[in-house]
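Reading through the C-alpha cells given below for one structure.
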Amino acid sequence: MILHVENMTCGGCARAVGKAITRVDAQARVEAAPPRRRVSVQTSAAPADILKALDDAGFSAIAA
C-alpha cells in the first residue's frame, strides 16, 4: 500500500507515522520518504485500520 501523508515533512514525522502503523501491525514493513510525503507499507492489516491509526496520530493520509 502506498500512502500520501501531506503533513509528514521530516524524519520525526516519519518515525511517528511508522510507530502508528506498527501499533496496528507489529510486523508491518514501513518505508517513509518525507520529502515526497509518501509511505510504502507492507502489512496484513486492513487499509482502513492503518488510515485510522494515522489519523489518530495526527497524520491524514490517502491512498496514492
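The values are calculated or read from the model by the stated rules, or taken from the named source; none is laboratory data. Keep in mind it's a predicted model, so treat the numbers as computed, not measured. Backbone-built Cβ (ideal geometry, glycine too); neighbour counts: all protein chains shown. Protein only, heavy atoms only, side chains kept; ligands, DNA and RNA dropped before computing areas. Shrake-Rupley method; radii C 1.70, N 1.55, O 1.52, S 1.80 Å.
Quickly run through segment 1-19 and pick out the residues that are open to solvent by 60 Å² or more (accessible area, probe 1.4 Å) and part of a helix (DSSP H, G or I). Passing the criteria: R15, K19.
Look at segment 5-21: where a residue is within 14 Å of A63 (Cα to Cα) and touching a residue at least 12 places away in the same chain (Cβ under 8 Å) and a partner is of a type in the set (K, R) and surrounded by 12 or more Cβ atoms within 10 Å (Cβ to Cβ), sitting 6+ places away or on another chain with Cβ atoms under 6 Å, you get V5/R37; E6/R37.
If we keep just the residues of segment 34-64 that are among the hydrophobic types (A, V, I, L, M, F, W, C) and under 9 Å from the mean Cα position of the chain (by Cα), which is surrounded by the most Cβ atoms within 10 Å (Cβ to Cβ)? Checked segment 34-64; the qualifying residue surrounded by the most Cβ atoms within 10 Å (Cβ to Cβ) is A61.
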